[in-house]
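Accompanying notes for the structure given below.
The values are calculated or read from the model by the stated rules, or taken from the named source; none is laboratory data. Since the structure is predicted, the reported quantities are computational estimates derived from the model, not experimental observations. Methodologically, a virtual Cβ is constructed for each residue, glycine included, from the backbone with ideal geometry; neighbour enumeration extends over all protein chains shown.
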Ligand SMILES: Cc1cc2nc3c(=O)[nH]c(=O)nc-3n(C[C@H](O)[C@H](O)[C@H](O)COP(=O)(O)OP(=O)(O)OC[C@H]3O[C@@H](n4cnc5c(N)ncnc54)[C@H](O)[C@@H]3O)c2cc1C
């Protein structure tokens, strides 16, 4: 990058908030995909004015700009694939207000999701979106990816809690979308446009979030089953009678890799596990919990129903569930993790497809995830150094995507498109729809400086 540009950027953020050292560039070069692309400079702005001035320069000079939260994204959203600037949003880390009476929080995008949840709890309030990465990912990254988690089955995803945004556009203009009130229909719903836009339409500098009352009680059940098929059909039956706040599943391979973290030994023949939680008032949870317990015990394929006895047990169950993804590297050094969604009645067909591909292509493939909303994490484990495995893994991914579309699903429930799914965009969206998306991008970012190389297929 030209020295004069670095000088202008330094004037904006101060010398302590810009770096071109190899070490700092390297720290901003990766994300959860394990891929790496070096930027040319990293900046740590701390005010909207600074972000706006940076965008004016990048727009004028045609320099790529990529916003970065915690870099935990799974599809390459935060990767500076065309070099340029990384805007690390770590200094935008203030919870500006929590309005108890109006159940609203105003936060900066660099706030860590788990920190906001803990702060809301102090006011008796609840911010439900709970990606498994909540201890380190940021609200800005969650909004930009449309993140979700286990609680989505009852409470919805990040999108359902974003009331409004402050966004710096590619040319440096600052806009304010949405409202602070519960209702509001003045003009187009630009808030929804920016949610899930993966940093390609603007830099989010402030987020207005909806909070809800904190549930008073929770019960956690672990259900061991004979087969994935029976687990999936039980999911649909449970959801027709109960309103769980979590309904997660793990298949046999996922269970095996975290077995030592579970609070008890798994009986032989356990092929699938459901993790079910109920929340609400103490009385409601006690009565619905007793009913659920009775119901589960008599269901086909159920080997054991265990209600967590204390918080320690709940924590261990969740540590095991959240630990599946990192623990998977004990199977193979590399992972392709796809967060596809199918109608929940189609889960058995998708899992059968993954099992068939694992057999036919001699790969390790396992599934776990949010059974309640059909959002299944299909994990293809491989060693990229083995060219046969690399080719077969890519083939497996394409066949899984094709099956998901056949089953009426979508290619991403929460991780977004980034670079890892951009070539598959046309499998799900028709050309006219993609064209409208391109037109929006072109209008808001005519120079193409905001997070270039993402979402859209790169071959035109
Ligand atoms: C172990 C693990 C578990 C995970 N579990 C889940 C899960 O359960 N559910 C889930 O949804 N995801 C999950 N993820 C993926 C990831 O944590 C989420 O996508 C998260 O929302 C990314 O947040 P981040 O702060 O790390 O963003 P980053 O990875 O830094 O960035 C993600 C995208 O957001 C954009 N962005 C970041 N900040 C801004 C901003 N201020 N303005 C505009 N654009 C911005 C970036 O440019 C990029 O396109 C998991 C990841 C890991 C590693």
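The table for this structure:
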read-out: Selection from the range 48-57 of residues that are free of Cβ contacts under 8 Å to residues at least 40 places away in the same chain and crowded, with 17+ Cβ neighbours inside 10 Å; value: 50
read-out: Filtered residues of the range 190-212 (kept if closer than 30 Å to residue 81 by Cα and in a loop (DSSP other than H, G, I, E, B)); value: 195, 196, 197, 198, 199, 200, 201, 202
read-out: Which listed residue is crowded, with 23+ Cβ neighbours inside 10 Å, within 19 Å of residue 448 (Cα to Cα), at pLDDT 95 or above and within 14 Å of the ligand (Cβ to nearest atom), from 45, 64, 80, 109; value: 80
read-out: Residue tally, condition more than 6 Å from the ligand (Cβ to nearest atom) and either within 14 Å of residue 369 (Cα to Cα) or surrounded by 24 or more Cβ atoms within 10 Å (Cβ to Cβ) (or both), over the range 139-154; value: 6
read-out: Residue check, residue 173 out of contact with any strand residue (DSSP E or B) (no Cβ under 6 Å at 6 or more places or on another chain), more than 15 Å from residue 209 (Cβ to Cβ) and either surrounded by fewer than 16 Cβ atoms within 10 Å (Cβ to Cβ) or free of Cβ contacts under 8 Å to residues at least 40 places away in the same chain (or both); value: yes
read-out: Subset of the range 15-42 that is crowded, with 18+ Cβ neighbours inside 10 Å and at pLDDT below 95 - its residue that is farthest from residue 207 (Cα to Cα); value: 33
read-out: Unique match (being farther than 20 Å from residue 396 by Cα, in contact with a helix residue (DSSP H, G or I) (Cβ under 9 Å, 6 or more places away or on another chain) and more than 16 Å from the ligand (Cβ to nearest atom)) among 455, 434, 440; value: 434
read-out: Scope the range 155-164; condition within 30 Å of residue 241 (Cβ to Cβ) and either in contact with a strand residue (DSSP E or B) (Cβ under 6 Å, 6 or more places away or on another chain) or crowded, with 22+ Cβ neighbours inside 10 Å (or both); matching residues; value: 157, 158, 161
